[in-house]
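Notes follow once the structure below has been shown.
The values are calculated or read from the model by the stated rules, or taken from the named source; none is laboratory data. Everything numeric here is computed off the predicted structure, so don't read it as measured data. Cβ coordinates were reconstructed from backbone atoms using ideal geometry, including for glycine residues, and neighbour counts include every protein chain displayed.
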Amino acid sequence: MEELFIIEDISVESSFYLGKFGVMYTRSKEYGRPSKLFYKSFDSFTEEELFEENECSFRLKIVHIDSNNCFVKSVDFQKGRIFLYSFDRTGFVRHSYTETVAPTPRDIA
């Protein structure tokens with residue numbers, strides 16, 4: 001089996017997304033929290049920074065949907081944002097941006 005490329009310094013806490021055309025992953029900044037989102041294409045092998053969370057209390061989390069789509073959550077314990085990314089051979093598209101509020105224990109019960 002041939003090695004395509006190596007990606008170093010990935011934050012395992014936030015997971016990663018392996019799609020048909022590339023891989024999405026995060027890296028930690030200060031405080032050890034995943035805060036930078038990257039994408040590396042299988043065609044060009046170039047790494048591109050997609051997003052950086054500047055709020056130090058927020059963490060990025062990648063949620064796999066299917067082979068061409070994934071959610072990226074940027075949340076703390078009270079609020080957050082959700083991004084939907086779609087990928088094709090030409091690159092990626094960030095479809096939506098939503099402000100969210102984390103549920104309280106009363107909302108869950």
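For the range 1-22, what are the residues that are buried (at least 19 other Cβ atoms within 10 Å of the Cβ) and of a type in the set (Phe, Trp, Tyr)?
The answer is Tyr17, and nothing else.
State which residue is surrounded by the fewest Cβ atoms within 10 Å (Cβ to Cβ) when the search covers only the range 23-40 and only residues that are at pLDDT below 85 and not in a loop (DSSP other than H, G, I, E, B).
Step by step, filter the range 23-40, then rank; the result is Glu30.
What number of residues within the range 1-22 satisfy the criterion of being outside any strand (DSSP E or B) and touching a residue at least 12 places away in the same chain (Cβ under 8 Å)?
Residues flagged as outside any strand (DSSP E or B) and touching a residue at least 12 places away in the same chain (Cβ under 8 Å) within the range 1-22 amount to 13.
Within the range 41-54, which residues are acidic (Asp, Glu), assigned to a loop (DSSP other than H, G, I, E, B) and over 12 Å from Ser74 (Cβ atoms)?
Passing the criteria: only Asp43.
Mind checking whether some residue in the range 11-22 is under 20 Å from Asp88 (Cβ atoms) and touching a His at 6+ places or on another chain (Cβ under 7 Å)?
Within the range 11-22, one or more residues are under 20 Å from Asp88 (Cβ atoms) and touching a His at 6+ places or on another chain (Cβ under 7 Å).
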